[in-house]
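The values are calculated or read from the model by the stated rules, or taken from the named source; none is laboratory data. Everything numeric here is computed off the predicted structure, so don't read it as measured data. Here Cβ is always computed from backbone atoms with ideal geometry, including for glycine, and neighbour counts include all displayed protein chains.
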Amino acid sequence: MKVVLLEDVKNLGRKGDLAQVAEGHARNYLLPRKLAVEATEGKIKQLAELQEAAARKKQREESAARDLAVRLESILVKVYSKAGEGGKLFGSIGSKDVVDALVKDYGIEIDKKKVMLKEPIKKLGFYSLPVKLYPSVQVKLSVNVLADQ
């Protein structure tokens, strides 16, 4: 019996997959637990439409991430902090501080979790921080940490 999975089922498939299963397994396990529905022509067509819509959405998101990556490559973000002798900061600069400066100066909002900062910045100077905008889109963001006047 062919079924369309409504949820991920271990050893069978992922949500939205078309699977061939024994009739007893479908009737006694999958259908009563609403893990799957019988694969009719209408359900298969609906499944194909949903997969196309998901692919279009993924393509739009990736395109938007690539456009943002082009904008971020040409930007120099200036972050101000209090500093002592030798350019050592009082405290540190984290990804939230970088994102806040980016929003303040350029109006570009990104999630702070996308800025891949290994450890907080503790000295003045120029830094190149990797930003992962999408699984296949990564860009280097130039950051200049300056002393607060």
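Annotations
- Test: Val79 is surrounded by 17 or more Cβ atoms within 10 Å (Cβ to Cβ) and either assigned to a loop (DSSP other than H, G, I, E, B) or without any contact (Cβ under 8 Å) to a residue 24 or more places away in the chain (or both): no
- The stretch 1-36 - residue that is of a type in the set (A, V, I, L, M) and part of a strand (DSSP E or B) and, of those, surrounded by the most Cβ atoms within 10 Å (Cβ to Cβ): Ala36
- Qualifying residue in the stretch 38-58 (condition: part of a loop (DSSP other than H, G, I, E, B), among the aliphatic types (A, V, I, L, M), at pLDDT 90 or above and touching a helix residue (DSSP H, G or I) at 6+ places or on another chain (Cβ under 8 Å)): no
- Among (1) in the same structural domain as Pro120 (by TED's automatic domain parsing); (2) touching a residue at least 12 places away in the same chain (Cβ under 8 Å) - the single one Gly91 does not satisfy: (2)
- When the residues of the stretch 64-86 are filtered to those that are among the small types (Gly, Ala, Ser) and under 26 Å from Pro135 (Cβ atoms), the one that is farthest from the chain's Cα centre (by Cα) is Ser74.
- Enumeration of residues in the stretch 82-95 that are under 13 Å from Val143 (Cα atoms) and of a type outside the set (A, V, I, L, M, F, W, C): Gly94, Ser95
- If you go through the stretch 37-52 and keep only what is touching a residue at least 40 places away in the same chain (Cβ under 8 Å) and surrounded by 15 or more Cβ atoms within 10 Å (Cβ to Cβ), you end up with just Leu47.
- From the options Leu117, Leu89, residue that is hydrophobic (A, V, I, L, M, F, W, C), surrounded by 15 or more Cβ atoms within 10 Å (Cβ to Cβ) and either under 23 Å from the mean Cα position of the chain (by Cα) or in a loop (DSSP other than H, G, I, E, B) (or both): Leu117
- Hey, Leu102 surrounded by 13 or more Cβ atoms within 10 Å (Cβ to Cβ), closer than 30 Å to Gly16 by Cα and in contact with a strand residue (DSSP E or B) (Cβ under 9 Å, 6 or more places away or on another chain) or not: no
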